[in-house]
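The values are calculated or read from the model by the stated rules, or taken from the named source; none is laboratory data. Because the structure is a prediction, the values reported are computed rather than measured. Cβ placement follows ideal geometry from the backbone for every residue including glycine, while neighbour counts extend to all protein chains displayed.
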Amino acid sequence: MARVDDLPGFILAAAGAAVLAGVAYLFGSATPLPDPAVCLPAPHAWPLYPPVACIINFALLLVIGSAMTIVNRQFNLEQGTSALGASFFLVATAAIPSLTQGLSGGMFMALAIILGLFYLFRNYERTDTARPLFITGTLMGWGFPFDYAFIFPAVGMALAAATLRELNVKSACAYIFGLLTPLVILLGLGAVSFSDFTFTNPYARGFDYPWPTVACAAVTTLTSLMLLMRQAVVPNNQSSHSAALNRGVNVLLLVMMASMAVDCCNIQLYLPAVNMLAGFVISGIAGDRRFSSSGLLIFVLITLYIILFCFAL
């Protein structure tokens, strides 16, 4: 859990995210979400009463933020506050109305990624990594029937495992079996059939996102790239263990940003995951005492997101 001195900031960020989500639901104009379903309806198409869908979606936002704090605290990813990354994630994601006005597949993707990272980090430097990679693969595999976009974090998670030296022949096979297990279960139970599989052209809907959403994605991406380049140039004072775990996060972040660029017509599917992973990078910079402008950077980012939120309504 977060330290006591982290809780006020986290609670304030959660309250701010709740206000942004509430304002978006009450006064915002709903933006149509993409429908990249493979063989089951995408989350935004589930038959839920709109207020219930929004509440569930916001609950997922809070669960992901809490999980970030637990992962950061338990594995000592970043110096300083352990809840700053989660606070950034809450505000940056809630500032995009299309992500909070209904149930978003991107939230499930971010949840699967943070749970997958937990299993990878918990088994770092252990000899037998087949079981955690099977579980991680299963988490990604359950998302694929609902959103084809889960194939990108599945690749990213494998690369992160390789960075952590957890990927070998046995664990790679376990990971692939994990990816396929949900589809096998669904086919075996008769919940889906091969005739249900559809593959939509990801560029068919065109790029019709409002400019504030694109601007939010651009701000997060450019900030992340600049901070990652700084990490590569300026030696950090982390332990070798923490540095290794952060390399896994950085690899996954780069994959998700590249996925958002390639699948540019469905960028909001990747935004929650990108915001979440960027939060770890930003919290690491804030914990580095040699980066004296960290407070100003975070203030500017939050201000920008709130301004863009106002334009997006």
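Residue under question is Pro145, and the condition is that it be closer than 15 Å to Met109 by Cβ and not in a helix (DSSP H, G or I); does it hold? Criteria met by Pro145. Per the conditions (1) under 16 Å from the mean Cα position of the chain (by Cα); (2) modelled with pLDDT of 90 or more, the sole criterion not satisfied by Ile56 is (1).
Restricting the range 80-113 to residues that are closer than 24 Å to Gln238 by Cβ and part of a loop (DSSP other than H, G, I, E, B) leaves a set whose member that is modelled with the highest pLDDT is Ala83.
Within the range 84-127, no residue satisfies the criterion of being within 27 Å of Tyr49 (Cβ to Cβ) and of a type in the set (Asp, Glu). Filtered by the rule that a residue be surrounded by 15 or more Cβ atoms within 10 Å (Cβ to Cβ), out of contact with any Gly (no Cβ under 6 Å at 6 or more places or on another chain) and touching a residue at least 60 places away in the same chain (Cβ under 8 Å), the range 227-253 gives Gln238, Ser242, Ala244, Leu245, Asn246, Gly248, Val249, Val251. Within the range 212-226, restricting attention to residues that are free of Cβ contacts under 8 Å to residues at least 60 places away in the same chain and of a type in the set (A, V, I, L, M, F, W, C), the residue that is farthest from Met157 (Cα to Cα) is Val214. The set of residues from the range 51-72 being over 30 Å from Leu245 (Cβ atoms) and in contact with a Gly (Cβ under 7 Å, 6 or more places away or on another chain) comprises Ala53, Cys54. If you go through the range 158-178 one residue at a time, do you hit one that is among the β-branched types (Val, Ile, Thr) and over 20 Å from the mean Cα position of the chain (by Cα)? The answer is yes, given that some residue of the range 158-178 is among the β-branched types (Val, Ile, Thr) and over 20 Å from the mean Cα position of the chain (by Cα). If you go through the range 119-140 and keep only what is in a helix (DSSP H, G or I), of a type outside the set (S, T, N, Q) and either over 13 Å from the mean Cα position of the chain (by Cα) or surrounded by fewer than 19 Cβ atoms within 10 Å (Cβ to Cβ) (or both), you end up with Tyr119, Leu120, Phe121, Arg122, Ala130, Arg131, Pro132, Leu133, Phe134, Ile135, Gly137, Leu139. Any idea which residue in the range 141-157 is farthest from the chain's Cα centre (by Cα), counting only those that are in contact (Cβ under 8 Å) with a residue 60 or more places away in the chain and under 18 Å from Leu120 (Cα atoms)? For the range 141-157, the residue satisfying everything is Val155. When residues in the range 169-193 are screened for being assigned to a loop (DSSP other than H, G, I, E, B) and either surrounded by 16 or more Cβ atoms within 10 Å (Cβ to Cβ) or among the hydrophobic types (A, V, I, L, M, F, W, C) (or both), 2 of them pass. Annotation note: Cβ proximity below 7 Å between a residue of the range 43-70 that is of a type outside the set (S, T, N, Q) and a residue that is in a loop (DSSP other than H, G, I, E, B) and surrounded by fewer than 19 Cβ atoms within 10 Å (Cβ to Cβ) (sequence gap 6+ or interchain) occurs for Ala45/Asp35; Ile70/Met1.
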